[in-house]
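The values are calculated or read from the model by the stated rules, or taken from the named source; none is laboratory data. Treat the numbers as computed from the prediction; the structure is a model and nothing was measured. So basically every Cβ, Gly included, is an ideal-geometry build from the backbone, and we count neighbours across all protein chains shown. The protein model used for the area step is the full one, side chains on, heavy atoms only, and it has no ligands, DNA or RNA in it. Shrake-Rupley method; radii C 1.70, N 1.55, O 1.52, S 1.80 Å.
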Amino acid sequence: MAKKVIKLKSKPLEIPPKFQKELNSEQLQAVIHSKGPALVIAGAGSGKTRMLTYRVAYLINQHVPADAILLVTFTKKAAQEMISRVQRLVGKEIHGLKAGTFHHIANLALRKYASQMGYSPNFTILDPGDQKQFMKLIVANRFNEKERRRFPKSPQILDIASKTINLGKSLKDVLSEYYPSYEDLGKEIAETIEVFKKQKKSNNVMDFDDLLVNYLKFLRNDSISQTYRDSIHHVLVDEYQDVNAIQAKIVIELGKHAKSVTVVGDDAQSIYRFRGGNYEHMLDFPSIFPNCQIYKLETNYRSTPEILALANASISKNKIGFSKTLRAIRESKERPMMVPCYSLEQEAQLICQQILFHRDENIPLHEQAVLFRARFHAIELEQELVRQKIPYEMRAGVRFFEQAHIKDLIAFLSILANPTDTIQWIRVLSMHEGVSDNGAQKIITQLSKRPNLLNGFVFCNLEIEMRGKRLRKIGLENLQKLQRFYRKLAFQNNLKEPLPEDQWLSLPEIIKKITDYLEPIFPSRYVKNFEDRLADLKELQNFAAKYHSVREFLADILTQYNLQAETIIQGDKIEDEKPLILSTIHQAKGLEWKVVYVINLVDGRMPSSRSIGDPQEIEEERRLFYVACTRAKDVLYLTYPEIVRRFDRDQLNGPSQFLEEIEKDEVFDEVEIEED
């Protein structure tokens, strides 16, 4: 007997009046997306977070259980803020919503299903310090001391293993691209990583990468994950342009089974390629899900039409990406200003002058920000801010001269200027493999009996001096290298009296020699960003060219630069204020200010020297420039120095190619500086 089918008419969508009132048509369409995959291309300042939170609230209003919704964000803070907003929208507390980072979501699932994955539910998570110790023990057990000298250090092996997972690349490709000096050790590295994996599992521990790897394995295992997958009806993912390879695979697995999967992002703001983020996952999403609905949020609530005209003109030069044009709802104001400056010092003076000008026009310091491509681009500006007593907050980590790698170099210089500074001696000695802080202290104690500590160290027989002090062989060899380095730097013809300072090399030349000495040390001392740190040291050579001696340089940075500028002095009046913001562009993403200054806009700095000649890298740098410009609400300054001092010459610059390629007359004004 044939079955009859009665089609039940779908219930009309219930859109709360509040939603219709508070969302524009673009946002509303994405919020009420019914089922299946959706890609929301959310331009800068277009209300991406609002759209996501309203979608969660909309689903709950449609009687979707909160525990059937999974919301993936890139930070814990973002998840907490979204949950709070959703609760305000629905007017009640929400229980059971799965919200958090990829690692948090993975941890929740794996705790529940650990036994099916070969773990017990009380597995522990290794933090980076524990990871390092674990790997160090494995390497020590597998290789003798001689073999370990040519083998990657524990942090490097961990970084290699992590890159294979998060970039989705083979070990061979990772070694070729990031660690070419270890390509011939591929077999030994692979075996070491495999031992690491097995021992972690036998110890019932996971690191952060394991959470994602095991979560993906779990999702792909139909026999154990079906109940879990069936419980998740709607998946939402924020900042999809920044997901890495394994995160994209997780979203695809979740999306295959959910009633809807909504990913939100802006390919034009994909700027984290260096840490694995890849906007191509966003570009590929519609082809992976052929029935994908695409929504575009192009209405910008942040910036003036003039600022958006510049941003649109710039990003349109990129050949790869979704097409979109940001539209302003704000009234017109002045156009962005391109200001050529004679030098880095003049650029810093100009910025400080305009900061105070806008402050007098009732735009407080904390509503202004100076953005730059790399941390060292703000050295001259920091100097001028301190000189003018303008308080500032550095969002690029600690202040330039307070960074660990800068302190490493300063320690080398300090020993030249003051050989009795035992604190700096301990720092210099202990940065060598095989020499602990305690070992360095013993060496200094032993040699401090000498009339001159530098002479005593450079010309002593360390094997005899340290006999019975339990100094490892590798430590002894490294300290002998240090002896030879200081002998060449500060002494002449093996005479045991150091050269007088007026016969030393120039300060930039000394810094260059110290940088060359530190270069092989930094990869194991600062694993993930040692190249950026070395770039800082090389830039310091240029900054140091204006100083006539080591002692003058040290006196300046150890006094002036370490002062905390806390007040602005105005006549006899001193006011405490929230500080000006200084930030790298990467760390400014997602933020906004009334006045923004983007500085050092010359080729080699913005775009970076490493990107020039590589079309893919140039497009990422242009996206970075786009992010910088779209942080500004009212006023945007684009400045560059026409001359950048190198310690051996002055380099003449034109504006960055990102400024040159735009029709200037249409989108910004060129401003000329006139000095009184």
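Considering segment 422-450, and only residues there that are farther than 29 Å from E531 by Cα and in a loop (DSSP other than H, G, I, E, B), the residue that is most open to solvent (accessible area, probe 1.4 Å) turns out to be K449.
R484 meets each of the listed conditions (1) touching a residue at least 12 places away in the same chain (Cβ under 8 Å); (2) within 27 Å of C460 (Cα to Cα); (3) not polar (S, T, N, Q) apart from (1). Checking the structure you have, find out if any residue of segment 645-656 is among the hydroxyl-bearing types (S, T, Y), touching a residue at least 12 places away in the same chain (Cβ under 8 Å) and in contact with a Ser or Thr (Cβ under 9 Å, 6 or more places away or on another chain). No; the residues of segment 645-656 include none that is among the hydroxyl-bearing types (S, T, Y), touching a residue at least 12 places away in the same chain (Cβ under 8 Å) and in contact with a Ser or Thr (Cβ under 9 Å, 6 or more places away or on another chain).
For segment 268-283, the candidate set comprises residues that are crowded, with 24+ Cβ neighbours inside 10 Å and in a helix (DSSP H, G or I); within that set, the residue that is nearest to the chain's Cα centre (by Cα) is A268. Checked against (1) part of a helix (DSSP H, G or I); (2) under 25 Å from K546 (Cα atoms), H358 passes all but condition (2).
Inspect segment 252-263 for any residue being small (G, A, S), surrounded by 15 or more Cβ atoms within 10 Å (Cβ to Cβ), over 25 Å from T124 (Cα atoms) and in contact with a His (Cβ under 7 Å, 6 or more places away or on another chain) and give the result as yes or no.
Step one: list which residues in segment 252-263 are small (G, A, S), which gives 255, 258, 260.
Restricting the remaining residues to those that are surrounded by 15 or more Cβ atoms within 10 Å (Cβ to Cβ) gives 255, 258, 260.
Subsequent filtering for residues that are over 25 Å from T124 (Cα atoms) retains 255, 258, 260.
Narrowing the set further to residues that are in contact with a His (Cβ under 7 Å, 6 or more places away or on another chain) leaves 258, 260.
Checked against the condition, which is being small (G, A, S), surrounded by 15 or more Cβ atoms within 10 Å (Cβ to Cβ), over 25 Å from T124 (Cα atoms) and in contact with a His (Cβ under 7 Å, 6 or more places away or on another chain), segment 252-263 yields at least one hit.
On the basis of being open to solvent by less than 30 Å² (accessible area, probe 1.4 Å), of a type outside the set (D, E, K, R), assigned to a loop (DSSP other than H, G, I, E, B) and modelled with pLDDT of 90 or more, does V64 make the cut? So V64 passes the test. Within segment 280-306, residues that are over 17 Å from P37 (Cα atoms) sit with their Cβ atoms under 9 Å from residues that are surrounded by 16 or more Cβ atoms within 10 Å (Cβ to Cβ) and of a type in the set (F, W, Y), at 6+ positions apart or across chains, in these pairs: E306/F668. Here D242 clears all of (1) more than 26 Å from the chain's Cα centre (by Cα); (2) over 21 Å from S115 (Cβ atoms); (3) not small (G, A, S) except the condition numbered (1). Evaluating K146 against the criteria (1) surrounded by fewer than 19 Cβ atoms within 10 Å (Cβ to Cβ); (2) touching a Ser or Thr at 6+ places or on another chain (Cβ under 9 Å); (3) not hydrophobic (A, V, I, L, M, F, W, C) leaves one unmet condition, (2). Does E188 count as modelled with pLDDT of 90 or more and either surrounded by 17 or more Cβ atoms within 10 Å (Cβ to Cβ) or not hydroxyl-bearing (S, T, Y) (or both)? Yes: the conditions hold for E188. Residue check, G456 against (1) in a helix (DSSP H, G or I); (2) surrounded by fewer than 19 Cβ atoms within 10 Å (Cβ to Cβ); (3) modelled with pLDDT of 75 or more, all met but one. Which one? Tallying (1) in a helix (DSSP H, G or I); (2) surrounded by fewer than 19 Cβ atoms within 10 Å (Cβ to Cβ); (3) modelled with pLDDT of 75 or more, G456 fails exactly one: (3). For segment 191-214, filtering for residues that are buried (at least 20 other Cβ atoms within 10 Å of the Cβ) and free of Cβ contacts under 8 Å to residues at least 24 places away in the same chain leaves 1.
Given the options I315, I320, name the one that is of a type outside the set (D, E), open to solvent by less than 40 Å² (accessible area, probe 1.4 Å) and on the phi < 0 side of the Ramachandran plot.
On the way: I320 fails: open to solvent by less than 40 Å² (accessible area, probe 1.4 Å).
Just one listed residue meets the conditions, I315.
Scanning segment 361-393 for residues that are more than 21 Å from A628 (Cβ to Cβ) and assigned to a helix (DSSP H, G or I) gives Q383, V386, R387. Given L175, L167, which one is closer than 27 Å to N221 by Cβ, open to solvent by less than 70 Å² (accessible area, probe 1.4 Å) and touching a helix residue (DSSP H, G or I) at 6+ places or on another chain (Cβ under 8 Å)? None of the others qualify; the one that does is L167. Residues considered: K146, K169, K198. Of these, the only one that is basic (K, R) and outside any helix (DSSP H, G or I) is K169.
Each residue in segment 251-263 was checked for being more than 30 Å from Y178 (Cβ to Cβ) and touching a Phe, Trp or Tyr at 6+ places or on another chain (Cβ under 6 Å), and 0 of them qualify. Under the condition of being within 34 Å of the chain's Cα centre (by Cα) and either without any contact (Cβ under 8 Å) to a residue 24 or more places away in the chain or open to solvent by 60 Å² or more (accessible area, probe 1.4 Å) (or both), the residues counted in segment 215-234 number 2.
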